[in-house]
Amino acid sequence: MKIHEYQAKELFRTFGVPVPDGGVAFSVEEAVDVAKGLGAYPVVVKAQIHAGGRGKGGGVKLAASEAEAKAFADEILGMTLVTHQTGPEGRLVKKLLVEAGQEIEKELYLSLLVDRATAGIVIMASQEGGMDIEEVAATTPEKIIKVRVDPLTGIQGYHLREVGYGLELPTAALRGFSTLLKNLYTLFVKNDCSLLEINPLILTKDDRVMALDAKVDIDSNALYRHRSLLDFRDIDEEDPLEVEASKFNLNYINLDGNVGNIVNGAGLAMATMDIIKNAGAEPANFMDVGGGATAEMVENAFRIILMDEKVKAVLINIFGGILRCDVFAQGVVAAAKKIGITIPIVVRMEGTNVEAGKEILAASGLNLINAVDLKDAAAKVAAAI
Amino acid sequence: MSIFVNKETRLVVQGITGKEGQFHTRQCIEYGTNVVAGVTPGKGGQTMDDVPVFNTVRSAVEATGANASMIFVPPPFCADAIMEAADSGVELIVAITEGIPVLDMVKVKNFLATKTCRLIGPNCPGIITPGECKIGIMPGKIHLKGGPVGVISRSGTLTYEVVDQLTKLGIGQTTCIGIGGDPVNGTNFIDVLEAFENDPDTKGIVMVGEIGGSAEEEAAAYIKAHVTKPVVGFIAGLTAPPGRRMGHAGAIISGSSGTGQAKIEAMEKNGIRVCMNLGTIGEVCKEVF
């Protein structure tokens, strides 16, 4: 689960990680109030959306006066912010973070993440802060410090020193940095983060370190033990159809193409999307109804896919293992009768109880196109659009 | 021959009295797996069908000599269940459970590094040696016993699709393993490749990967250096957009890493025959094996 910068900074404050003074604003008036409360200029006005690259997209501005703060708030609130992470359609900005400007000596990079390869928590840091870190890692990997922490023993003093000295911080800033990093590690573990990134972490002119930005992702599988973090979920930042699908435990992602697809199992769903593309069409979604899907889940999956106006044909690909083909067929028939089908539906089923499933579909009187195997299914759906 | 499981395997099922646990235990028994015990805390002394249920894995192992475990315990308690099995001397642990927090798995993985047991999964369909032993949730009857092909995959139904195509073309399997779709798991591609290489009955290997992480790239390099048997590869998710998690917790393209294209290039460069269309993977295998 992604959370906003202002929410991440609330967590930072709770865990003793220094951040600039500031507050969230949902209107221009509120933004001006926060700016006034800070008592000094410049202030920074930052768009709050679940995507990076906001500065380049015009979503972050430095205001030298109250009048400027008001003007920038007015400009950014309600704008459709396009960054390299939002896609061409961009995101509507509905909230702002207004913060006190800082006297920056140096911009650094700091992150914590779960490393698959070593099954540890890895701290990454670099003196090349404020930049696209992937590019730094690709072109000058020697400028990235990586320190692995064993999750069974947790963070130790030497980890802090390796990173602190590695960043060539002035002696006066080292103690503050060590405390910051130790607290970040605690925050990461206590909240089941999957990623925590600060870019930039700043060194101020008076040798303090402070998180100027904050990006935190929470492991969705762990939310059951962090009920309070659920308040951070922002439905506004999610696709409405994806929100609807999540209510029924359906794994759904809306994409740009015109061939809808319903598949059981994530791997098979990805492969089915690829097959659609191979056949010369474009998938409109990823939809995994799961290995243990019920007829009701299938019905909802069908309904959600047909709500998407881009969809001109649907390919249903089911390999019945746990999910029996007859159960699945009942779900399809129920949904089709309730919703009414106006577009071509290609069905390919295989596995447990496949004959019974095919009989249910055939007896339904629905206008379905049967496919014998995957190749046949892809060709038929491409021909149907 | 086969790898990891065979007729000698004695299985204990953790979470045997739950809905999923019961259903799949029965399916495994029906297939011929020797299920010797079940574990559900608080239900020790009962039976599930004819299988004795114990409160702890240790007592189950002591009483029945179980040497493998299949786990259906819900995600909040699953890390505990895996470590319990490992600490009780079980040699092979197959965790079916989906949705274990990654920080739990990170701890489990480091804990297991001090043990000699093997973990398959979590979030996986399990392992089957056709005709001998099925530990997991895969449909048994799509498999064809006797080899000559070994199958490794990160996903469930995608593996069934591949196996089904092989069987329909008369190509049998020695052992099929789903290693699971989570970012941190137990057994990886390389462990299985090594075992297949050492199994005389396995004459060829099918490796089914997907986007995310770098496991396929590392496996490809390993194959070039250590595997003499022909390998057919497939990668799911070539059309997946970056930054979106495609169902599996590990299936996400982040930045420039984990793309399908990079994986395919790595596989081809290392001598693996890559199948570009899932609909034809059976035919490609027929050609290669």
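Since every read-out is calculated from the coordinates, none of them should be taken as a lab result. Predicted model only: the values in this text are computed from it and were never measured. Don't worry about glycine lacking a Cβ; one is built from the backbone with ideal geometry, like all the others, and counts go over all protein chains shown.
Is there a quick way to get the dipole size of the protein assembly as shown? I mean about its Cα centre, with the Cβ of Lys and Arg at +1 and of Asp and Glu at -1; what is the value in debye to the nearest 20?
Working: 63 positive and 82 negative charges, 185 e Å.
So the dipole magnitude of the protein assembly as shown works out to roughly 880 debye.
How much FRET efficiency would the formula 1/(1 + (r/R0)^6) give for A:Leu62 and A:Arg148, where r is the Cβ-Cβ distance and R0 is 30 Å, rounded to 0.05? Before the final figure, lay out the partial values.
Numbers: r = 37 Å, r/R0 = 1.24.
For R0 = 30 Å, the calculated efficiency reads 0.20.
Using a cut-off of 20 Å between alpha-carbon atoms, which lysines can reach B:Lys203, once sequence neighbours fewer than 8 places away in the same chain are excluded?
B:Lys145, B:Lys168, B:Lys224, B:Lys229, B:Lys286
Counting alpha carbon pairs within less than 8 Å and at least 6 residues apart, what relative contact order, in whole percent, applies to segment A:1-93?
Answer for segment A:1-93 is 25 percent.
Using all Cα-Cα distances in segment B:1-108, what percent lands in each 5 angstrom bin from 0 up to the longest?
The calculated distribution, bin by bin, is 2, 13, 25, 26, 20, 10, 3, 0.
Once the cut-off is 25 Å, how many percent of the Cα-Cα pairs in segment B:147-289 end up in the long-distance tail? Provide the component values of the computation, followed by the final result.
Values: 1887 of 10153 pairs.
Summing the P(r) of segment B:147-289 above 25 Å gives 19 percent of all pairs.
If you rank B:Val162, A:Val216, A:Val24 by fewest surrounding Cβ atoms within 10 Å, what's the result? Each step should come with its number before you reach the end.
On the way: B:Val162 29, A:Val216 26, A:Val24 19.
The fewest-first ordering by Cβ neighbours comes to A:Val24, A:Val216, B:Val162.
Kindly provide log₁₀ I(q)/I(0) values, in the same order as q = 0.10 Å⁻¹, from the Debye equation applied to equal alpha-carbon scatterers of chain B.
The Cα Debye sum returns log10 ratios of -0.50.
Could you pull out every residue, at least 5 positions away or on a different chain, whose amide H is within less than 5 Å of the one on A:Ile316? Hs are placed 1.01 Å off N in the peptide plane, and Pro or chain starts have none.
Amide H neighbours of A:Ile316: A:Ile262, A:Val346, A:Val347, A:Arg348.
Can you compute 3J(HN,Hα) from phi for each residue in segment A:165-172, using the Karplus curve 6.51 cos²θ - 1.76 cosθ + 1.60 with θ = phi - 60°, rounded to whole Hz and x for Gly and Pro?
So the J values, rounded to whole Hz, are 5, x, 7, 6, 6, x, 3, 5.
What aspartates and glutamates could a cross-link reach from A:Lys310, if we take a straight Cα to Cα line under 13 Å and drop same-chain neighbours fewer than 8 places away?
Correct list for A:Lys310: A:Asp256, A:Glu282.
Using every alpha carbon pair in segment A:159-297, what percent of pairs falls into each 5 Å bin from 0 up to the bin containing the largest distance?
In whole percents, the pair-distance histogram is 2, 8, 13, 14, 12, 11, 10, 8, 8, 7, 5, 2, 0.
For segment B:1-61 and segment A:16-37, what is the centre-to-centre distance using only Cα atoms, to the nearest Å?
Measuring centre to centre over Cα atoms gives 58 Å.
Any chance you could run the full-extension gain for A:Gln156 through A:Glu244? It's 0.36 nm times the residue separation minus the Cα-Cα distance, nm to one decimal.
Numbers: separation 88, 0.36 × 88 = 31.68 nm, distance 4.41 nm.
Stretched out fully, the A:Gln156 to A:Glu244 stretch lengthens by 27.3 nm.
Over chain A, what is the relative contact order in percent, taking alpha-carbon pairs closer than 8 angstrom and at least six residues apart?
Working: 773 pairs, mean separation 47.6, N = 385.
Answer for chain A is 12 percent.
Arranged from highest to lowest average of other beta-carbon atoms within 10 Å per residue, in what order do the peptides A:230-242, A:104-116, B:167-179 appear?
B:167-179, A:104-116, A:230-242
Just checking the output field for A:349-355: average partner chain Cβ neighbours within 10 Å of each residue's Cβ?
On the way: counts 0, 8, 7, 4, 0, 0, 0.
Mean inter-chain Cβ contacts per residue within 10 Å come to 3.
Convex hull over the alpha-carbon atoms of segment A:133-226: what's its volume per residue in Å³? Display every interim value, and only then the final one.
Working: hull volume 11.4 nm³, N = 94.
Expressed per residue, the convex hull around the Cα atoms of segment A:133-226 is 122 Å³.
Computed over the Cα atoms, what is the radius of gyration of segment A:280-326 divided by 2.2 N^0.38 Å, N being its residue count?
Values: Rg = 11.6 Å, N = 47, 2.2 N^0.38 = 9.5 Å.
Dividing the Cα Rg of segment A:280-326 by 2.2 N^0.38 Å gives 1.22.
Calculate the dipole size of segment B:1-131 relative to its Cα centre from +1 charges on Lys and Arg beta carbons and -1 charges on Asp and Glu beta carbons; express the result in debye to the nearest 20. Kindly include the intermediate steps, with their values, before the conclusion.
Details: 10 positive and 12 negative charges, 33 e Å.
Computed about the Cα centre, the dipole is about 160 debye.
Sequence-distant or interchain residues sharing an amide H contact under 5 Å with B:Arg154, placed H: which?
The answer is B:Ile179, B:Val208.
Along Cα→Cβ, 7 Å out, is where each label goes; now give me the distance between the ones at A:Asp256 and A:Asp74 in nm to one decimal.
3.6 nm
Give, in whole angstrom and from largest to smallest, the semi-axes √(5λ) of the equivalent ellipsoid of segment B:1-58, with λ running over the eigenvalues of the Cα gyration tensor.
Numbers: eigenvalues 86, 31, 16 Å².
Taking √(5λ) for each Cα gyration eigenvalue gives 21, 12, 9 Å.
For chain A, compute Rg over Rh where Rg is the Cα radius of gyration and Rh is the Kirkwood radius from the inverse mean 1/r over Cα pairs. Numbers along the way, then the final one.
Values: Rg = 25.4 Å, Rh = 23.7 Å.
When Rh is taken as the Kirkwood radius, the ratio is 1.07.
Among A:Ala71, B:Ser88, A:Ala222, pick out the residue whose Cα is farthest towards the positive end of the charge dipole of the protein assembly as shown, where Lys and Arg carry +1 and Asp and Glu carry -1 on C-beta, about the Cα centre.
It is B:Ser88, whose Cα lies furthest towards the positive end.
Please turn the phi angles of segment A:113-123 into ³J(HN,Hα) values with the Karplus equation 6.51 cos²θ - 1.76 cosθ + 1.60 (θ = phi - 60°), one per residue in order, whole Hz, x for glycine and proline.
8, 7, 9, 4, 5, 9, 6, x, 9, 10, 9
Based on the alpha-carbon gyration tensor of the protein assembly as shown, what equivalent-ellipsoid semi-axes (square roots of 5 times the eigenvalues) come out, in whole Å, largest first? All intermediate terms of the calculation are to be shown ahead of the outcome.
Numbers: eigenvalues 401, 193, 109 Å².
Semi-axes from the Cα gyration tensor: 45, 31, 23 Å.
Separation of segment B:115-142 and segment A:232-276 by C-alpha centroid, Å?
Cα centroid of segment B:115-142 versus Cα centroid of segment A:232-276: 28 Å apart.
In 5 Å bins starting at zero, report the fraction of Cα pairs in segment B:135-214 per bin as a rounded %.
Per 5 Å bin, starting at zero, the Cα-Cα P(r) for segment B:135-214 comes out as 3, 15, 29, 25, 19, 8, 2 percent.
Would you compute, for the Cα atoms of segment A:246-365, the largest minus smallest coordinate along each principal axis and list the three values in descending order, in whole Å?
Each principal axis gives a Cα extent; for segment A:246-365 these are 34, 30, 29 Å.
Pick from A:Ala336, A:Ala138, A:Ala69: which residue has the top mean-square fluctuation in a GNM of chain A where Cα pairs under 10 Å get a spring?
Judging by the Gaussian network model, the answer is A:Ala138.
Kirkwood Rh, segment B:230-279, all Cα pairs: how many Å?
Values: mean 1/r = 0.0860 Å⁻¹.
Computed over segment B:230-279, the radius equals 11.6 Å.
Given the C-alpha centroids of segment A:359-378 and segment A:125-198, what is the distance between them in whole angstrom?
Taking the Cα centre of each part, segment A:359-378 and segment A:125-198 sit 55 Å apart.
For the cross-link pairs A:Lys146/B:Lys107; A:Lys337/A:Lys358; A:Lys380/B:Lys134, which exceed 26 Å when the distance is taken from alpha carbon to alpha carbon?
Numbers: A:Lys146/B:Lys107 20 Å; A:Lys337/A:Lys358 17 Å; A:Lys380/B:Lys134 36 Å.
Pairs exceeding the cut-off: A:Lys380/B:Lys134.
Out of residues 5 or more away from B:Val94 or on other chains, whose amide H comes under 5 Å of its own, with H placed 1.01 Å from N in the peptide plane?
Amide H neighbours of B:Val94, under 5 Å, 5+ apart: B:Ser69, B:Met70, B:Ile71, B:Ile120.
What is the sum of charges, Lys and Arg at +1 and Asp and Glu at -1, for the other residues whose Cβ falls under 15 Å from the Cβ of B:Gly42? Present the calculation step by step, with values, prior to reporting the outcome.
Working: positive: B:Lys43; negative: B:Asp80, B:Glu84.
My count for the surroundings of B:Gly42 gives -1.
Under 20 °C and 1.002 mPa s, how fast does segment A:152-194 diffuse according to Stokes-Einstein, given a Kirkwood radius computed over C-alpha pairs? Answer in µm²/s, whole number.
Working: Rh = 11.0 Å.
The calculation lands on 196 µm²/s.
Can you pull the semi-axes for segment A:70-181, root of five times each eigenvalue of the Cα gyration tensor, sorted largest first, whole Å?
Numbers: eigenvalues 207, 76, 43 Å².
So the equivalent ellipsoid measures 32, 20, 15 Å along its semi-axes.
In Å and whole numbers, how far do the C-alpha atoms of segment B:31-178 stretch along each principal axis, longest first?
47, 37, 25
Please state the charge dipole magnitude for segment A:302-371, taken about the Cα centre, from unit charges on C-beta atoms (+1 on K and R, -1 on D and E), reported in debye and rounded to the nearest 20. Spell out each step's value before the answer.
Working: 8 positive and 6 negative charges, 41 e Å.
Roughly 200 debye, rounded to the nearest 20.
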